[in-house]
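The values are calculated or read from the model by the stated rules, or taken from the named source; none is laboratory data. Just so you know, these numbers come straight off a predicted model, no measurement behind them. Positions of Cβ are generated from backbone atoms using ideal geometry, with glycine treated the same way; all protein chains shown enter the neighbour counts.
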Amino acid sequence: MVCMNKTGIDEKNDSRRKSADAPDLRCIDKLLLLRVKEMSRTFAIHTLGCKLNYSESSSIACCLTENGFTKVQFKEKAELYVINTCSVTQEADKECRQIVRSVLRRAPGAFIAITGCYAQLKPEEIAGIEGVDLVLGASEKFNLPLYLDNLDKKGFAQIHSCEIEKVNIFHPAYSSGDRTRSFLKVQDGCDYNCSYCTIPLARGGSRSDSIANVNRNVYSIALKGIKEIVLTGVNLGDYREPQSGAGFFELIQTLEDTKAPVRFRISSIEPNLLKDEIIEWVRRSQKFVPHFHIPLQSGADAILKKMRRRYLRDLYTEKVTRIKSLMPHCSIGVDVIAGFPGETDEYFSESYEFLRSLDVSYLHVFTYSERDNTSAVLSDLESDSIPMEIRRKRNRMLQILSEKKERRFFEQNVGSVRPVLFEARNRNGFLYGYTDNYIRVKTVFNKALQGQVAKVELGELTTDGMMSAALAKPIIPDFISQGIDAETGYLTVPAALENIN
Ligand code: SF4
């Protein structure tokens, strides 16, 4: 009898067949793998702050993995811990200290590296935290493996940083921890000079990725099975292609043509950079979802001027009106700061009333807090400082306003049919997801929906602040089917991009 293996090779007569004495190479592979695993060093990473930081943490983790490290959960024991910090949280220092302390309780001999905005702004302060071994500024954070020859603790922290003016390289990054959506960094830094903001001090001037590289990353993300990409940057609307000088509008036009089976969301865009052509494009788009997040910060012109924002509230109204007239179902989110210096009761009322009158879907409210070296702190604005308890009270008022707006937006959507991208996780018998217009929905767990886009009819509001959803009918929207081979059902990728990781 002739034995044929799955490849159709006659094993008996195959000259490549191993002799009885020859070692089984598959076993050696396994042994090697075990040795490598034994030898490889473990690391864990924790991220504070914004979506940009999350995408960069993924990139740092990827760098470490490529250099032989093995990733473990942050709550597990590791040899190396990386904390990617943020400068926005008022108590960045306290938070960082607490995390370092808890790490040392878990793994007393672990090597601790600190990266991120806080590491750029206050390297000495961080180096002074007991147990910290390495502090890397904005220019060095992606070179972390170069500083990890051995993980011996020396009892003091090394700092590798440079003046922020010298940071001008764009480092691409995208997050891939969540299998449903990915935050793709296409722009970094900011040339604006808003008086309350430390971001230009922590991340440097505006710079962007090339369109070709953004496209490559889109395919890399799609190949991981992720179906939503959130375009992310510090000042996204200021995107400028390094070679051609093409702007954000050209970028989204190009992305519309991608064959990758993904939908796109624009994370946040300054009102003065949200051109009408962008709004009109999103309305016609098969790929970009109807959702804008537009920072306002204050609804009082006098405060906008003190903040050095580049628009007044009339322009903001114009943008919201334009969006809503073209896409009544579009979700609009607003950033607002409570208690900026000089925000008297009258200015706050003016701002509150303006926000109340705006047809927007939700607010992200921040309590103003002083940041070293910002012009709001260095200038005489400080003398108009608002007591913290008033700032917090205003924050609460705006939060309540936000809840009302969100509820109203949800009610407007009851009975509508919208595509939802469901997450993969079964959470106590439920599946969760977001509609294209950014409504969080929940439905009874259904295996067929895991990680899929499906059209659902939106039902009532749930007690946990979402909307219930009933399957209208399973769909594969046009933009999803574009990248799928009709015969095999597999994702098709242009040949030139097949070998990318
Ligand atoms: S636009 Fe203003 S608030 Fe936004 S990152 Fe730039 S300086 Fe900061």
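Can you tell me how many residues in region 158-191 are assigned to a loop (DSSP other than H, G, I, E, B), away from the ligand (no atom under 16 Å from the Cβ), outside the structural domain of residue 117 (by TED's automatic domain parsing) and of a type in the set (Gly, Ala, Ser)?
3
Residues checked against (1) away from the ligand (no atom under 16 Å from the Cβ); (2) among the β-branched types (Val, Ile, Thr); (3) touching a helix residue (DSSP H, G or I) at 6+ places or on another chain (Cβ under 8 Å):
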position: 198; (1), (2), (3): no, yes, yes
position: 239; (1), (2), (3): no, no, yes
position: 260; (1), (2), (3): yes, no, yes
position: 266; (1), (2), (3): no, yes, yes
position: 274; (1), (2), (3): no, no, yes
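Can you work out which of the residues in region 246-264 that are of a type in the set (D, E, K, R) and touching a residue at least 60 places away in the same chain (Cβ under 8 Å) is surrounded by the fewest Cβ atoms within 10 Å (Cβ to Cβ)?
The first filter runs over region 246-264 and keeps only residues of a type in the set (D, E, K, R), leaving 250, 256-257, 259, 263.
Filter once more, keeping what is touching a residue at least 60 places away in the same chain (Cβ under 8 Å): 259, 263.
Numbers: 259: 17, 263: 21.
Restricting to residues being of a type in the set (D, E, K, R) and touching a residue at least 60 places away in the same chain (Cβ under 8 Å), the top hit is 259.
Any residue in region 189-209 that is farther than 13 Å from residue 138 by Cα and in contact (Cβ under 8 Å) with a residue 40 or more places away in the chain sitting within a Cβ distance under 6 Å of a residue that is within 9 Å of the ligand (Cβ to nearest atom) and of a type in the set (Phe, Trp, Tyr)? List the pairs, counting only those 6 or more apart or interchain.
Within 6 Å, no pair qualifies.
Among the helices (runs of 4 or more DSSP H) lying completely within region 195-268, list those that include at least 1 residues that are out of contact with any Gly (no Cβ under 6 Å at 6 or more places or on another chain) and of a type in the set (Asp, Glu). Give the derivation first.
On the way: elements: 199-203, 211-223, 248-256.
Ranges flagged: 248-256.
Considering only region 200-217, state which residues are within 9 Å of the ligand (Cβ to nearest atom), modelled with pLDDT under 95 and more than 15 Å from residue 55 (Cβ to Cβ). Let's see the steps before the verdict.
At the first step, the residues of region 200-217 found to be within 9 Å of the ligand (Cβ to nearest atom) are 200, 203, 206.
Going one step further and asking which of them are modelled with pLDDT under 95, we end up with 200, 203.
Residue satisfying the conditions is 200 alone.
Could you go through region 232-241 and let me know if any residue there is surrounded by 18 or more Cβ atoms within 10 Å (Cβ to Cβ) and of a type in the set (Ser, Thr, Tyr). Step through it out loud before you land on a result.
Looking only at region 232-241, we keep the residues that are surrounded by 18 or more Cβ atoms within 10 Å (Cβ to Cβ), and these are 232-239, 241.
From what is left, the residues that are of a type in the set (Ser, Thr, Tyr) are 232, 239.
Yes: one or more hits.
Scan 226, 252, 278, 294 and give me the residue that is in contact with a Lys or Arg (Cβ under 7 Å, 6 or more places away or on another chain) and either away from the ligand (no atom under 13 Å from the Cβ) or among the basic types (Lys, Arg) (or both). Can you show your working first?
On the way: 252 fails: in contact with a Lys or Arg (Cβ under 7 Å, 6 or more places away or on another chain); 278 fails: in contact with a Lys or Arg (Cβ under 7 Å, 6 or more places away or on another chain); 294 fails: either away from the ligand (no atom under 13 Å from the Cβ) or among the basic types (Lys, Arg) (or both).
Exactly one residue qualifies, and that residue is 226.
Out of the residues in region 298-331 that are under 22 Å from residue 234 (Cα atoms) and in contact (Cβ under 8 Å) with a residue 60 or more places away in the chain, which is farthest from the ligand (Cβ to nearest atom)?
Once the filter is applied, the top-ranked residue is 331.
Output the residues belonging to region 425-448 that are hydrophobic (A, V, I, L, M, F, W, C) and either at pLDDT 90 or above or more than 24 Å from residue 286 (Cβ to Cβ) (or both). Let's see the steps before the verdict.
Filtering region 425-448 for residues hydrophobic (A, V, I, L, M, F, W, C) gives 430-431, 439, 441, 444-445, 448.
430, 431, 439, 441, 444, 445, listed by residue number.
Report, ordered by the first and then the second residue, all pairs with beta carbons closer than 9 Å, sequence separation of six or more or different chains, a first member in region 48-73 that is charged (D, E, K, R), and a second member that is part of a helix (DSSP H, G or I).
That search, which allows pairs on different chains as well, returns 56/141; 56/142; 66/145; 71/61; 71/64; 71/65.
Of the residues 268, 298, 331, only one is within 16 Å of residue 438 (Cα to Cα), in contact with a Leu (Cβ under 8 Å, 6 or more places away or on another chain) and not charged (D, E, K, R); which?
Sole residue among the options that is within 16 Å of residue 438 (Cα to Cα), in contact with a Leu (Cβ under 8 Å, 6 or more places away or on another chain) and not charged (D, E, K, R): 268.
May I ask you to list the residues in region 85-109 that are touching a helix residue (DSSP H, G or I) at 6+ places or on another chain (Cβ under 7 Å) and either β-branched (Val, Ile, Thr) or modelled with pLDDT of 95 or more (or both)? Walk me through it before giving the result.
Start the filter on region 85-109 by keeping residues that are touching a helix residue (DSSP H, G or I) at 6+ places or on another chain (Cβ under 7 Å), which leaves 85-87, 89, 92-93, 96.
Passing the criteria: 85, 89.
Could you check region 43-157 for helices (runs of 4 or more DSSP H) lying wholly inside it with 1 or more residues that are more than 22 Å from residue 197 (Cα to Cα)? Full working, then the answer.
Numbers: elements: 51-66, 92-106, 117-121, 123-127.
Correct list: 51-66, 92-106, 123-127.
For region 440-471, name all the residues that are surrounded by 15 or more Cβ atoms within 10 Å (Cβ to Cβ) and β-branched (Val, Ile, Thr).
441, 443, 453, 456, 462
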